[in-house]
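Beneath this line is the structure, given in structure tokens, with notes to follow.
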Amino acid sequence: MQTRDREDPPFDHDSTRSLGSTEESKAAKYLEEQGCRIIEKNYSCRMGEIDLIYSDPDNVICFGEVKFRKERDRMDPSEAVTKGKQRKICRVSDHFRSKFSLDESFSYRYDVIAICPEEIRWIKNAFDYMEK
């Protein structure tokens, strides 16, 4: 049995971050091809981060979580957006809306962009806004 050196991390954070950035760029390009306008990439505040904020062709402001999986049979990427992650995205969206004085006159939506090697799926309205 092969053992790992105690100093070796279980995975390389830099390559994971690089892969995430690549997939987020791929998702942004896909959304633009669908007629969306990217407003922010990797919007963050003390409560967390939202991968992509964009307006869709109907001018709905969308908060998008990008999820990538190398192998789809292990888990659909959209299943990785847990209730806890959804809550966090909602809190960060509250911060974004407050910072830019966006009120209820705008329409909002929470999407997931699920990426597998063979496809990109844009799951519109993947989850509802969650109160605090």
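The values are calculated or read from the model by the stated rules, or taken from the named source; none is laboratory data. What you see is a predicted model, and the numbers here were worked out from it, not measured in a lab. Note that each Cβ is placed from the backbone with ideal geometry, even for glycine, and that neighbours are counted across all protein chains shown.
Against the condition at pLDDT 95 or above and within 14 Å of the chain's Cα centre (by Cα), how does residue 51 come out, does it pass?
In short, yes.
Can you find, within the stretch 89-132, the residue that is surrounded by the fewest Cβ atoms within 10 Å (Cβ to Cβ) among those that are acidic (Asp, Glu) and part of a strand (DSSP E or B)?
Ranking the qualifying residues of the stretch 89-132, first place goes to 119.
Within the stretch 95-109, is there a residue that is modelled with pLDDT of 95 or more and within 11 Å of residue 65 (Cβ to Cβ)?
No; the residues of the stretch 95-109 include none that is modelled with pLDDT of 95 or more and within 11 Å of residue 65 (Cβ to Cβ).
To keep it simple, each residue is scored yes or no on (1) β-branched (Val, Ile, Thr); (2) part of a loop (DSSP other than H, G, I, E, B); (3) modelled with pLDDT under 95.
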{"site": "1", "(1), (2), (3)": "no, yes, yes"}
{"site": "4", "(1), (2), (3)": "no, yes, yes"}
{"site": "7", "(1), (2), (3)": "no, yes, yes"}
{"site": "14", "(1), (2), (3)": "no, no, yes"}
{"site": "23", "(1), (2), (3)": "no, no, yes"}
{"site": "28", "(1), (2), (3)": "no, no, no"}
{"site": "32", "(1), (2), (3)": "no, no, no"}
{"site": "39", "(1), (2), (3)": "yes, no, no"}
{"site": "42", "(1), (2), (3)": "no, no, no"}
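Which numbered condition in (1) more than 20 Å from residue 24 (Cβ to Cβ); (2) part of a strand (DSSP E or B); (3) not aliphatic (A, V, I, L, M) is the only one that residue 84 fails?
For residue 84, the failing item is (2).
Among the numbered criteria (1) over 20 Å from residue 44 (Cα atoms); (2) in contact (Cβ under 8 Å) with a residue 24 or more places away in the chain, which single criterion is violated by residue 65?
(1)
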